[in-house]
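Worksheet: the structure to be examined is printed underneath.
The values are calculated or read from the model by the stated rules, or taken from the named source; none is laboratory data. Note that the coordinates shown come from a computational prediction; the quantities given were computed from them, not determined experimentally. Cβ placement follows ideal geometry from the backbone for every residue including glycine, while neighbour counts extend to all protein chains displayed.
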Amino acid sequence: MNGRKLWSAFVVLICVALAWACSSSSPKANDAGVNTNGQAICAAACAKNCNVDSDCQTSSGELCCDYGAAGKVCQLATTCPRFCSSDTTCDSATGQACVVTSLSPGAQKSCEQAAVGLKLCQTDSDCTTTGDVCCTIYDQGICLPGNQCPKACATSSDCQTSMGEVCCTSASAVDPSVKATGLCLNPQYETCPKTCTSSSDCAATGELCCNQICQSSCPKTCQTDDDCSGQTRICCMTAAATPARPPHVFKTGPTCTGTPTFATCASCGTSAGCSGCAGCTSPGTCTGTPSGSTCSTCGSLYGCSSCQGCTAGDAGAGSCVGTPTYSSCSSCPSLYCGSTSYNYCSACTAGTTPGTCTGTPYTCSTWTSTGVSYQSNCVAEGCVWTPNEAGTGGTCSGTPAACSTLSQANCANGCIYQGGTTTCSGTIGACSQFTTATQCATLAGCSWSMPASQCTGTLSACATFTTQTSCRTQTGCFWQSSSSLCTGSVTPCSALTTQLACQGQTGCSWH
């Protein structure tokens, strides 16, 4: 996405401690051409308004930056917005594109890194990033990871209250572009703004009542510097000349953060093997024979939906016959051991010989937060958690446990588990020991003999699959690499929406 990285890129913009105070006139269009129809606010620093570049300190790298209807202000040239109508006016060589970054009314497209832009959508099919959905809680649908798109609600009964969710009806106070009446939020991951009529309603947290919700601070509107007396501030008439804010992203659960250790699939293939990086694949062909010579036997083994090219028909009864593909668990490849996705050796148990946990753990302070409780993460690292009075966060202090002292299960957050070998143990058994079609499906090589057809159609041949991912979806097919090359694009941490996928991508962490 899109807007989730954008605002940090704009922090450097307007309040860049310029040496000029703003005009103390009332907030109307002034001689410098700045449209101050937006509210002026008391601020510690204020950008100087301007008409042309010569009004600014060009010798220090400043230009007169145009914010359209909001006005023009002096700021560093590298932080000036560059509005556009098409990609052709942007620097595509550096990854720029003409993108929309805000849902605010009147927001214009600007030249930004393509990944920063919002992907507008109407249905999930418009979203091309794995794990993204078309989130329609805003005025316009945008593509977001599933765990950053809360369910709309009217009452808490619409939410998973057993999982700690509440129907937050004040979410639109955080972001006016939210059109939903309420959002199902879990306070453990996203605080629901507290509504108020006066600051006394916010006394428990020491906050102020600002725009009818409790906030840590509240900008004071003004017309002249005198309105800011006692605050050692000035009345900033150019406050409206700022980039339009990206939509607020509501976190509904743990997310994957960090930066993949390997930036490219080529480097991943050399260091960790192509399969070790999400988004990477190696050139090759799909070979083998779909398990079950017909849709009937394939469907009885793995379920008709797992056999591409087949459709479900009438169910039948029968017996389990045949010989398991692998005679023992020890002969089963680690990829299939205990896997319900492939079902070759699902009755076996996968394991590993001991390895070592190495690396440098995150500092304890990583988990300190005022709005989210990271107690479990803090304690897991051997740090000390002290909750705040509000119970919405806390302080994590102390010295984290050395990576070498951690078990494989706890080897995360800066630590990497290395070494160890995979093992496969257990007893596969004979096909005849299974008395139902479902049980029979746990072993490749076994088939459910039925008097009636359960699955009809023609199995898709392995050779018809052209990617490693699609090849593996057809039970019985294998991806045969044709070279040592590793191609594709490494999936960024933020696009991994499950804990397993996140922790499998070196450099990413789940919290």
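Considering only region 206-235, how many residues are more than 27 Å from residue 170 (Cα to Cα), of a type in the set (S, T, N, Q) and surrounded by 15 or more Cβ atoms within 10 Å (Cβ to Cβ)?
2
If you go through region 475-484 one residue at a time, do you hit one that is buried (at least 16 other Cβ atoms within 10 Å of the Cβ), β-branched (Val, Ile, Thr), at pLDDT below 70 and part of a loop (DSSP other than H, G, I, E, B)? Yes, region 475-484 contains a residue that is buried (at least 16 other Cβ atoms within 10 Å of the Cβ), β-branched (Val, Ile, Thr), at pLDDT below 70 and part of a loop (DSSP other than H, G, I, E, B).
Would you check if there is a residue in region 135-148 being surrounded by fewer than 18 Cβ atoms within 10 Å (Cβ to Cβ) and either assigned to a strand (DSSP E or B) or modelled with pLDDT under 85 (or both)?
yes
Among the residues making up region 175-204, those that are crowded, with 18+ Cβ neighbours inside 10 Å and either hydrophobic (A, V, I, L, M, F, W, C) or in the same structural domain as residue 375 (by TED's automatic domain parsing) (or both) are 178, 180, 183, 184, 185, 192, 196, 202. The criterion of at least 1 residues that are under 30 Å from the mean Cα position of the chain (by Cα) and at pLDDT below 80 is met by the following strands (runs of 3 or more DSSP E) wholly inside region 203-309: 256-258. Regarding residue 153, is this residue at pLDDT below 90 and over 19 Å from the mean Cα position of the chain (by Cα)? So residue 153 fails the test. The combined condition, being small (Gly, Ala, Ser), more than 13 Å from residue 240 (Cα to Cα), in contact (Cβ under 8 Å) with a residue 60 or more places away in the chain and out of contact with any strand residue (DSSP E or B) (no Cβ under 7 Å at 6 or more places or on another chain), is not fulfilled by residue 93. Residues that are surrounded by 18 or more Cβ atoms within 10 Å (Cβ to Cβ), among the small types (Gly, Ala, Ser) and modelled with pLDDT of 75 or more within region 496-511 comprise just one, 509. The number of residues in region 69-125 that are of a type in the set (Val, Ile, Thr) and either surrounded by 15 or more Cβ atoms within 10 Å (Cβ to Cβ) or touching a Leu at 6+ places or on another chain (Cβ under 9 Å) (or both) comes to 6.
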